[in-house]
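J.: Got a structure for you, written out below as structure tokens; questions coming shortly.
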Amino acid sequence: MPPAGAIAAHADDDHTKTNDHSVQEAPGGGRAAPARTAAAAAAQSSSAASSDHVELCSGGIAGGRAAYELVRRAASDPAAEFWERWASRELHWYHATLGAWLSQSADGGWTGWTTEGSPTSLDSWQPWAAAVDASEAPHVRWFCGAQTNAAFNEVDRQVLRGYGGEVAFVAESPSGETSKITRRWLLLHSVIIAHAVRDGLRVAAPKRIALYMPNTPLAVAWIEAAKRLGVPFVAVAAGTASSTLADRLADTGASVLVTSGTFLEQALAAAEALPHPPTLVLADSHGDGELPAGCVAAHVLLRRARAAVFDGADPDRLSDTQLLAAAWKHVPPTPVESSWPLFVLYTSGSTGKPKGIVHTHGGYQVGLCATVRLVFDLRPESDLICVVATAGWITGQSYMIAAPLLCRVSSVLLDGSPTSPPDRIAGVISRHRVTVLKAGSTFLRMLMATPNAEAQLARHDLTSLRMGTFCAEPVNEVVQSFAQRHLTSNYINCYWATEHGGVVWGRCHNNADQPVRPDTRSWPLPWIDGEVMVEDELGGWRRAADGEQGEVVVRAQYPYMAHTVWQSEGFGDAAWRGDSARWAKYFVAGVGYVQGDAAVRHAGGAFSFHGRSDEVINVAGNRIGTEEIENLLLLDRESPGSPVLNCAVVGMDDPLLGTAPRSEEHTSELQSLTSS
């Protein structure tokens, strides 16, 4: 058992600070330390000469363009050294020889805990053999040879640091009932679930599990359990059609499907459609009623796991030290290679072959830490972030769950529709004093389509909100203006997608050279080599002129970019690369990663984004983007007495023009599109 006080032994922590949302909770292998590489030694002298970019980014880039360029140069010359410093400081890595989890301190030493929970330290260490291996690009590996675990970094280490009583999540049900979930609760329940998955369901890596659940603390506990075991998971958005769910299950080859009573009918239909259905686990069953054939009641598995882990003791009566000792004895976090798949999320619709995007335990988490510090400036002592998303979408995995846990910030779990009632989000902000809101353009447009939306928002006290951001969807000036006038004046635009893993274009916190205006513009983060390129008729590419629309391109890969496209065949073998052919289709030689989104680079370096590059209407030979027409129509909404609430533009057959945008004669069609 760890000695008393061991959980408060991390050198970098000030345990006199408490989170505003604190409550009292109710009743593999590793690498020995090699000599530092020449590149790492060079990184030390380089960063010493140009200040520490980790601290610089943590406080925002208050120095404007000069500070931004300083970080940008550090990130590009060479990029590996820049990310080594972020990785060593932000995550804990497993030292196999010591049997310890270690992170680099500000003085260059390494501190952490042994697997018995005792504090330990090293003067020097190099967790990875190489910061990056691009020899098989675009299959790129980061922090090669190093071992870590996402659950340790998100859950265990925060309890070890003495923050078990802090609120990790403020959960609100569709009825408005609120519960506060502590970090200790998450550790306890994820450990019990992990034991049940491993010993009860006989699932261990390289097997996979699938989650089809509402947006609740229980769903997060299952996610953290999978991370703890190093078992890749796929989270499927609540309400997804059973046929689409079946496609996801078939593509990942999931051994287990975890669901809730709410979605049991769809889950059963999906499982029955497969020749080799997964074991179906009903996560929220508590009674002893009869279950459908092939369905397992989770409460039976969890009762056995609880007894096995705590040997009959009541875990609610254990100290954090005792709880951790039991957890690590029976279900320790599994050290996995940095590039080991963490989860798979799908980006395609229900037609065509599913496209599962893979993110990893190491680089993905390093990037999340970097983006939230630079863009959001999340503060453990005071911030509460609300992300309008679910675990089935990348913004939910990244900024609703992983990033807040990594950075010790409380997060809102909102179950049910964010627009039912229409002012629900405003109520959540007011009730819980939310400070950071991450909500997409679609949500705001739904809110704007509500009669008297402005008056409904005005009924709530939103003064706690210090910033908001759009995410992963095209946004226009009208929507951003609405957000800045009625939610917070500091409502910025960010651009990224599932494949990007986290924010790639945004606004650096405190950067006066990146003004906050309702013009939808954003800037590539300092480590993103972003560009707008135009493909000519012969397949050649050129850099777009300022103001010219083209394809948004990322010219160099970075740690939190997707690892590959999922492929079950061969998974678990050292030679596995996923569906490398499909992943390679994203890349153009000499150009970079092409997402398929339209963008414009403006004079001064800002970018604006204009939806999918293939969402155009060919009107008499002129290619017109549907997003451009929608923006013009929505501008009318700002006029007094305007009948416009929302709009959608579609191409209709035209005998003269070939295709033309129509609205007046097709009001019913447009209404059905905007309400779907």
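J.: Based on the alpha-carbon gyration tensor of the stretch 206-295 and its eigenvalue square roots a ≥ b ≥ c, which shape applies: rounded if a/c is under 1.5, prolate if not and a/b is larger than b/c, or oblate?
T.: Here the stretch 206-295 falls in the rounded category.
J.: Another question, if that's okay. Regarding the stretch 513-601, what whole-number volume in Å³ per residue does the convex hull of its Cα atoms give?
T.: Hull volume over Cα atoms, normalised by residue count, gives 140 Å³.
J.: Carbon and sulfur together cover what percent of the accessible area of the stretch 160-302 at a 1.4 Å probe radius?
T.: Taking all protein chains in place, the stretch 160-302 shows 53 percent carbon and sulfur surface.
J.: Continuing with the same structure: To the nearest 10 square angstrom, how much accessible area does LEU264 have with a 1.4 angstrom probe?
T.: Near enough 30 Å² of accessible area.
J.: Give the shape of the stretch 74-182 as rounded, prolate or oblate, defined through the alpha-carbon gyration tensor: a ≥ b ≥ c are the square roots of its eigenvalues, a/c under 1.5 means rounded, and otherwise the shape is prolate if a/b is larger than b/c and oblate if not.
T.: Verdict is oblate for the stretch 74-182.
J.: Could you state the accessible area per residue of the stretch 299-421 in Å², with a 1.4 Å probe and every protein chain left in place?
T.: I get 29 Å² per residue for this part.
J.: So what's the net charge close to ALA556: Lys and Arg +1, Asp and Glu -1, counting the other residues with Cβ under 11 Å from its Cβ?
T.: Values: positive: ARG555; negative: ASP529, GLU531.
Summing Lys/Arg as +1 and Asp/Glu as -1 gives -1.
J.: Put ARG612, ARG303 in order of accessible area, largest first, 1.4 Å probe: what do you get? Present the calculation step by step, with values, prior to reporting the outcome.
T.: Values: ARG612 90, ARG303 140 Å².
The ranking, largest first, comes out as ARG303, ARG612.
J.: What base-10 log of the normalised intensity I(q)/I(0) is obtained for the stretch 515-559 from the Debye formula, alpha carbons as equal point scatterers, at q = 0.19, 0.27, 0.29, 0.33 Å⁻¹?
T.: -0.73, -1.05, -1.10, -1.18
J.: At a probe size of 1.4 Å, how large is the accessible area of ARG521, to the nearest 10 Å²?
T.: Approximately 90 Å² for this residue.
J.: Then there's this: Which net charge results for the neighbourhood of LEU245, defined as the other residues with beta-carbon distances under 12 angstrom from its beta-carbon, given Lys and Arg at +1 and Asp and Glu at -1?
T.: Once positives and negatives cancel, what remains is -3.
J.: Can I ask one more? Computing the accessible area with a 1.4 Å probe over protein heavy atoms, can you report the carbon and sulfur percentage for the stretch 535-610?
T.: Values: 1660 of 3410 Å².
Roughly 49 percent of what the probe reaches on the stretch 535-610 is carbon or sulfur.
J.: Sorted by average packing, counted as other Cβ atoms within 10 angstrom per residue and highest first, what order do 457-465, 369-377 take?
T.: So the order, starting with the most tightly packed, is 369-377, 457-465.
J.: So, one more: Protein chains only, probe 1.4 Å: how do ARG228, ARG507 rank by accessible area, largest first? Don't skip to the end; give the middle numbers.
T.: Numbers: ARG228 0, ARG507 40 Å².
Largest accessible area first, the list is ARG507, ARG228.
J.: To continue, here is another question. With a 1.4 Å probe and all protein chains kept in place, how much accessible area does ASP123 have, in Å² rounded to the nearest 10?
T.: Approximately 140 Å² for this residue.
J.: Which value, in Å², gives the accessible area per residue of the stretch 427-561 when a 1.4 Å probe is used on the protein heavy atoms?
T.: Per residue, the stretch 427-561 has 36 Å² of solvent-accessible surface.
J.: Quick check: with the 1.4 Å probe, what order do PHE587, PHE571 take by accessible area, largest first? Please report the intermediate quantities before stating the final value.
T.: Working: PHE587 50, PHE571 20 Å².
Correct descending sequence by accessible area is PHE587, PHE571.
J.: Classify the stretch 272-350 from the C-alpha gyration tensor, please: rounded if a/c falls under 1.5, else prolate or oblate depending on whether a/b exceeds b/c.
T.: Cα axes put the stretch 272-350 in the oblate bin.
J.: Let me ask another. Relative contact order for the stretch 444-503: what percent, with Cα pairs under 8 Å and sequence separation of 6 or more?
T.: 35 percent
J.: I would also like to ask the following. Compute the signed sum of charges (Lys and Arg +1, Asp and Glu -1) over the other residues within less than 10 Å, Cβ to Cβ, of TRP142.
T.: Values: positive: ARG141; negative: GLU84, ASP133.
Spelling it out: positives minus negatives among the neighbours equals -1.
The values are calculated or read from the model by the stated rules, or taken from the named source; none is laboratory data. What you see is a predicted model; the values in this text were computed from it and never measured. Cβ sites come from the backbone with ideal geometry, for glycine too, and all protein chains shown count toward neighbours. What goes into the accessible areas is simple: the full protein's heavy atoms, side chains included, and nothing from ligands, DNA or RNA. Shrake-Rupley method; radii C 1.70, N 1.55, O 1.52, S 1.80 Å.
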